[in-house]
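For reference, the structure discussed in these notes is given below.
The values are calculated or read from the model by the stated rules, or taken from the named source; none is laboratory data. Note that the structure is a prediction, hence the values are computed from the model and not measured. Methodologically, a virtual Cβ is constructed for each residue, glycine included, from the backbone with ideal geometry; neighbour enumeration extends over all protein chains shown. Each accessible area value is taken on the protein alone, full model and side chains, heavy atoms only, with ligands, DNA and RNA left out. Shrake-Rupley method; radii C 1.70, N 1.55, O 1.52, S 1.80 Å.
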Amino acid sequence: MIFEIILIIYFSYLLGSIPAGILVSRLFNLGELKSIGSGNIGATNVLRTGNFSAAGITLLVDFFKALIPITPVSYTHLTLP
C-alpha cells in the first residue's frame with residue numbers, strides 16, 4: 001500500500017515536470033517562449049504567439065498531465081495510513 005502511494009507520487013511529480021508549452025513551441029517552431037508575452041510557459045503564452053493549434057495542444061497536454069495521475073488514485077481509493 002505504501003509502495004503504491006510512493007510510486008504514484010513519484011510518477012505524478014515526473015509527469016508534472018514536463019514543460020508542455022516549451023515542447024509544443026519547439027515542435028511548431030514558435031521561437032523562445034520565455035521571451036514572448038509574460039514569459040510564462042503555459043497555454044496562454046503559447047496563444048500569444050498567434051498559433052491557436054499549438055495553444056490548444058498545450059492546453060490538452062497540460063490537462064492530461066493532471067488527469068493521468070488522478071484517475072488511478074480515484075479508482076483504487078488509496079488513502080494514507
message: Return the residues of segment 37-65 that are among the hydrophobic types (A, V, I, L, M, F, W, C) and either open to solvent by 50 Å² or more (accessible area, probe 1.4 Å) or touching a Lys or Arg at 6+ places or on another chain (Cβ under 6 Å) (or both); say none if nothing qualifies.
response: Ile41, Leu47, Phe52, Ile57, Leu59, Leu60, Val61, Phe63, Phe64
So Leu23, is it surrounded by fewer than 16 Cβ atoms within 10 Å (Cβ to Cβ) and free of Cβ contacts under 8 Å to residues at least 60 places away in the same chain: yes
message: of a type in the set (A, V, I, L, M, F, W, C) and in contact (Cβ under 8 Å) with a residue 12 or more places away in the chain: is that true of Ile70 in this structure?
response: no
